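Taken together, the values in this text are just the output of simple stated rules run on the coordinates, not laboratory data. Computed from a predicted model, the values in this text were never measured in an experiment.
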């Protein structure tokens, strides 16, 4: 009898080890603890034992029964645990659900960046109308009618003397008409020129104009200011180069180049192998402009500059076609 | 303009590397766009600014170079100053008549007769010079006039003298008068065109192009060499009107130097007698003889303080003299006489630029200007616009920027009053005919563009101006446009549900809430271009601040959009006048609130707004919040009805509400709803 008990224990251990799910577990339970199970069968043999062995074997059997019950319970718990784990199985390598987010247009971003640099230098932002009187676009800026200097400013007209401004320099005049120096302002905005559209031309684009007028503004201030701006905009290592040029509303005038941000001045396709990129027009305010706005002669000096926002954004982001800005392809917009 | 290295060296002694010369010129404002080795010589491609016609000549560029190198300029003897031109003052009767009818358009006209020329090919040196500036050699006479034009900047023209009938008249063309120019194209002129005519017809368009009839050919024996000074504006207008841009018109437009008119003629005459073996004949000179001159006083102190440098007086004098200015002066003032070829120099600022240019911009130090304290940095409305765009990107919308000029057809059907439309007089294409009165076309264009490129989810906004003519003025108004189209989400978990009206309404509600605007009403409305059943006008205090809705199928069809588009436009200026951007803390109440649901069945014609108004009216300030929790139109609900589940939050600011109080109020609300709107409860 004792042997049978031991064999049963061993057999149970083996059976239990093979259990992998609830169904098999139930089979094992029925086999050992069921009404016609092994334990029950062994219990049935008890009355036939002698009175000395009966209590000993009986105790053994009860212990075995308890053991089996406990083991089955443990196994059951284990199985149910693993079952629930299986239910919650998540493939965590699947892509996350991205929260929706929008982006500002790269022109707006670039404009904001330019504005912020100048704001940090004490400039204020002033805007002006896009539909302008001819006077503000030309005469007040010392660009006479029928003069070749107008060639650079082909213009859309609405009426005889009403046009779409071809540069933001118009706002210089509007500020000075209303304000006494000192003036320290930038004037961002849209401008229009009847240019055929291609990869580098657009009939509508954005400019930022800058103006400082005070008692003692110097050309060296213009250099310092724009050098600081370009370093903040394009990186500390950016170099600037001032070349004499001609704008009717500034004298002396300069074109401002920066060392090519692509090749760092070594020469590449973007800078036409010169190592330099032209990004700003600048100069000292022409006294004739002060005259046009009615400032007393000789009382003030000023510096002015202007830049194309698309050009700067194209350089900064490596965009090679200006039309991308106005096509608004969502695949483009989402990159900035 | 093209200039060759070897030609420059005729006037400046230098052995400096051409690349270095290119750099020096560029850094002095004579921009060298390229410098290329062509057959052993170097060709500089120059970009001359509009103020420097003197540099539209090899001699002018050489003068700049000489000044930069500290060398002297070697001027050919015929072109030197001080050489008196023998005026044609012999008592004999002139063989030829020159009549200047319009001295306001032709300031000076000179002509030289040269007889018995041998027209033929030019010598090689001359051909090479002509080729180096990008022209094609023609014959010795024409080549010489071109050579002198490039050398001096003074345009010249040679006529076949024997083909001129009865002298020369400089006059306005009759209207519709015709001429065939040397390029063999018939041209029709107007009364504004100045022509050189003989007794019977025009033989040249003054300053622009000669006529075919009097062209110098191999048969030509005697020539008339013209050297004149035409009005820049007249030449510019004629050149633009006829669409002819020539080397001559380019220079006349920018104004030539009257001091060179006779000298250039003399120089060409000498070359013609030498190369084409002609015989120098009579010379005629009609009109103004004086050339530009100007005396300017320059303060060295002002120069230095404007530039932020310390340039010594002697250095300034040296620079100016090298550029051809005469300088005298004492102490810190210079008396400067401007030469005739520098009419661009009119005042001391111009002189200061000359000094700075040659001194070198790169030698000017770098300083930081005195910063002024601005009390306002941005206009409040600009700040508000920024706030709106930041709210919108937070809500997941992408900003777009579209053209402000559009095709007129794009607003057909939007009922914009024609007298409000701002039209462009000179558009390049029909796509730039008018300025947009609404941002809708730009939005639809963008949506169409993206759908055509397989975009599925589009949520876009633009903040831009609209343009309208009102009376005699123009109104530019900032407007916000929002467009939602396609499916709401495009990811592996959800990709079916499309946008609907309540999505765009929600965006607006959020924005208006951010703006701190209270009492906004969305009224049912009708807007051209929108689906009339799904259109709403946004009102506050009786003022319209925007509109929204589903864009009509017809409108979408114009842009080839098949999917639904939901669009809103907010008039920023109007909205801005009403908002308050300052935030104030609102207490969320010390006493607990009680929430009651009310499930209602009502006619479809009853609006949510009406119902909420009643709840507010009855509930007074005890109703703190009303929210729509559910909406169903299922099998249990009759066809013409709908069921709404509202959640009402009751709270008092003074005490803890008793259940019984809320029950009474809630039941009053239900009674009124049922009486006034025939609502039943479930």
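Points to keep in mind about this one:
- Ellipsoid fit via the Cα gyration tensor, the stretch B:536-682: semi-axes of 34, 26, 13 Å, each the root of five times an eigenvalue, largest first.
- Percentage, to the nearest whole number, of Cα pairs in the stretch B:464-577 over 21 Å apart: 44 percent
- In units of the rule-of-thumb radius 2.2 N^0.38 Å, the protein assembly as shown shows an alpha carbon radius of gyration of 1.43.
- A compact globular protein would have a Cα radius of gyration near 2.2 N^0.38 Å; the ratio found for the stretch B:184-327 is 1.45.
- Principal-axis tilt of helix B:608-619 within chain B, Cα atoms, nearest 10 degrees: 60 degrees
- In degrees, nearest ten, helix B:348-359 long axis to first principal axis of chain B (Cα): 80 degrees
- Reciprocal mean inverse distance between Cα atoms of the stretch B:449-530 - Kirkwood radius, Å: 15.8 Å
- Principal axis extents of the Cα atoms in chain B, from largest to smallest and rounded to whole angstrom, are 127, 62, 50.
- In the frame of its principal axes, the stretch A:285-334 has Cα extents of 54, 17, 15 Å, reported largest first.
- Degrees between helix B:232-242 axis and first principal axis of chain B (Cα, 0 to 90, nearest 10): 70 degrees
- The alpha carbons of the stretch B:294-363 stretch over 29, 26, 18 Å along the principal axes, in descending order.
- Cα-only Debye scattering, the stretch B:594-681: base-10 log of I(q)/I(0) at q = 0.11, 0.15 Å⁻¹: -0.30, -0.54
- Calculated on the alpha-carbon coordinates, the convex hull of the stretch A:186-336 measures out at 128 cubic angstrom per residue.
- Percent of Cα-Cα distances greater than 17 Å, calculated over the stretch B:248-296: 51 percent
- Rounded, prolate or oblate (a/c below 1.5 giving rounded, otherwise prolate when a/b exceeds b/c) for the stretch A:1-40 by Cα gyration tensor: oblate
- Highest-MSF residue in chain A out of A:232, A:150, A:100 [GNM, Cα springs under 10 Å]: A:100
- For chain A, the spherically averaged projection of the C-alpha convex hull amounts to 32.1 nm².
- Every Cα-Cα pair of the stretch B:2-74 was included, and the share exceeding 20 Å stands at 17 percent.
- Chain A: most fluctuating residue of A:137, A:62, A:286 per GNM, C-alpha cutoff 10 Å: A:62
- The eigenvalues of the Cα gyration tensor, multiplied by 5 and square-rooted, give the stretch A:62-165 an equivalent ellipsoid with semi-axes of 84, 16, 10 Å from largest to smallest.
- Calculated log₁₀ intensity ratio I(q)/I(0) where the Debye formula runs over C-alpha points of the stretch B:98-287, q = 0.08, 0.10, 0.15, 0.17 Å⁻¹: -0.22, -0.35, -0.82, -1.09
- For the stretch B:352-442, projected area of the alpha-carbon convex hull averaged over all directions, nm²: 13.2 nm²
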